[in-house]
Amino acid sequence: MKDTMKACNLHRIGDLRYEDVSAPKIGPDEVLLQVKAAGICGSDIPRVFEKGTYHFPTIPGHEFAGLIVDAHPEDKELVGKKAAVFPLLPCGRCEACQIGEYPQCHDYDYYGSRRDGGFAEYLAVKKWNLVPVPDGVPYEHAAMCEPCAVSIHALSQAGIVLGDTVAIFGAGTIGLLAAQIAQGWGAGQVALIDVDDTKLAFARKLGFTHTVDSKTVDAAEYIRGITGGRGADVVLEAAGVSATLAGCLNAAKTFGKVVLMGNPAKNMEIPQKAYWEILRKQLSLRGTWNSSYNDARNDWRLAIQCMDNGVLKLEELITHRFSLADCGKAFDLARQRKEFSVKIMFVTK
């Protein structure tokens with residue numbers, strides 16, 4: 001392997017460069033991954049243009065998959081295998097780590113923000129973070145394992161029962177993935193609510209018939225209309241906006257379950273009437289963060305299984321593909337939103 005490689009390197013906020021950088025060398029318990037596909041996450045936009053990474057320069061990217069091309073002699077059987085990568089590196093010492101709840105780790109590292117990530121030709125990756133990918137799952141789909149696992153984890157907090165009506169407020173990437181998963185897990189009806197009719201039209205193209213533009217339609221009334229007046233059994237807040245939080249509380253049935261996963265950009269406020277819904281309907285509210293990654297429950301392995309068995313249909317969600325050399329164009333598209341997109345993906349040959 002050469003001493004240098006190409007990467008998208010963030011030198012300071014707003015200064016992302018496609019350039020030559022030193023090629024990684026594998027350390028203890030690491031393999032060398034040739035990155036084949038890496039997706040731009042919504043959180044990458046403020047990371048690049050507003051907040052920055054934890055040090056500069058840093059190669060961003062935490063949604064990626066690739067081919068293992070080198071390993072230490074004792075791990076040579078891994079060479080030639082496909083893998084996605086769980087991007088969090090836990091400390092292994094804190095209380096959360098001791099019970100395998102690694103996303104709640106108090107002192108974690110992270111590919112793509114605290115250390116170099118997947119917007120590069122190669123990356124040295126810890127063996128522990130590798131998620132095996134079967135031959136039938138394309139690299140581009142495997143690179144979406146992270147948002148798929150996050151969606152799976154959020155819905156698992158609600159414990160969907162066969163025939164449940166599931167309402168999802170927010171029809172972005174995570175909302176669409178959650179809708180597919182809910183449907184695959186046996187939901188009787190899945191409704192997607194958003195203020196962007198372009199997103200809702202795309203959801204209809206994917207086969208979801210219950211789509212609600214909450215600018216013009218009362219979402220709670222719509223949900224009650226398709227449930228005989230009861231409301232939704234499970235409601236997922238996937239936008240991180242005060243109005244959608246209130247909408248979730250209004251749309252849930254008595255004794256319903258509301259899962260909060262949208263990452264807010266500013267303070268969340270609950271109107272008094274919506275707060276009363278929590279009390280009077282005795283709603284169960286659950287927060288969710290990241291995904292489970294342990295021997296007892298591994299949302300990442302389940303995500304790959306859902307890709308392999310057809311529960312997750314991801315091809316249409318990948319609306320744009322770029323080379324790493326076009327990282328400027330890719331991030332401009334993601335940031336400015338002048339053109340409809342769902343998942344923007346870097347693809348290497």
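Annotations for the structure displayed:
- No other residue among Ala154, Ala167, Ala187, Ala219 is more than 22 Å from Asn263 (Cβ to Cβ) and either in contact with a Pro (Cβ under 6 Å, 6 or more places away or on another chain) or among the small types (Gly, Ala, Ser) (or both) apart from Ala187.
- Residues satisfying the stated conditions in the range 177-205, i.e. hydrophobic (A, V, I, L, M, F, W, C), buried (at least 17 other Cβ atoms within 10 Å of the Cβ) and out of contact with any strand residue (DSSP E or B) (no Cβ under 6 Å at 6 or more places or on another chain): Leu177, Ile181, Trp185, Val195, Phe202
Okay, residues lined up against (1) assigned to a loop (DSSP other than H, G, I, E, B); (2) crowded, with 22+ Cβ neighbours inside 10 Å:
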{"position": "Phe255", "(1), (2)": "no, no"}
{"position": "Val258", "(1), (2)": "no, yes"}
{"position": "Pro264", "(1), (2)": "yes, no"}
{"position": "Asn267", "(1), (2)": "yes, no"}
{"position": "Trp276", "(1), (2)": "no, no"}
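- Only one of the listed residues (Ala251, Ala303, Ala232) is under 18 Å from the mean Cα position of the chain (by Cα) and touching a residue at least 40 places away in the same chain (Cβ under 8 Å). That residue is Ala303.
- Count of the range 1-38 residues which are in contact with a helix residue (DSSP H, G or I) (Cβ under 9 Å, 6 or more places away or on another chain) and farther than 19 Å from Arg114 by Cβ: 7
- Residue match in the range 285-299 (condition: under 21 Å from Gly163 (Cα atoms), in contact with a Phe, Trp or Tyr (Cβ under 9 Å, 6 or more places away or on another chain) and outside any loop (DSSP other than H, G, I, E, B)): no
- Checked against the criterion of being closer than 26 Å to Val137 by Cα, of a type in the set (Val, Ile, Thr) and at pLDDT 95 or above, the candidates Ile45, Ile13, Ile99, Ile40 yield just one match: Ile40.
- Pick from the range 214-225, criterion buried (at least 17 other Cβ atoms within 10 Å of the Cβ) and not hydroxyl-bearing (Ser, Thr, Tyr), ranking: farthest from the chain's Cα centre (by Cα): Arg224
- Residue match in the range 159-181 (condition: within 18 Å of Cys248 (Cα to Cα), at pLDDT below 95 and in contact with a Phe, Trp or Tyr (Cβ under 8 Å, 6 or more places away or on another chain)): yes
- Ala158 falls short of the stated requirement of being in contact with a Ser or Thr (Cβ under 6 Å, 6 or more places away or on another chain) and surrounded by 19 or more Cβ atoms within 10 Å (Cβ to Cβ).
- Filter result for Pro57 (over 20 Å from Met345 (Cβ atoms) and out of contact with any His (no Cβ under 7 Å at 6 or more places or on another chain)): no
- Matching residues, the range 307-349, being among the small types (Gly, Ala, Ser) and touching a Lys or Arg at 6+ places or on another chain (Cβ under 8 Å): Ala325
The values are calculated or read from the model by the stated rules, or taken from the named source; none is laboratory data. These numbers come from a predicted model, not from an experiment. Note that we place each Cβ from the backbone using ideal geometry, even for glycine, and neighbour counts take in every protein chain shown.
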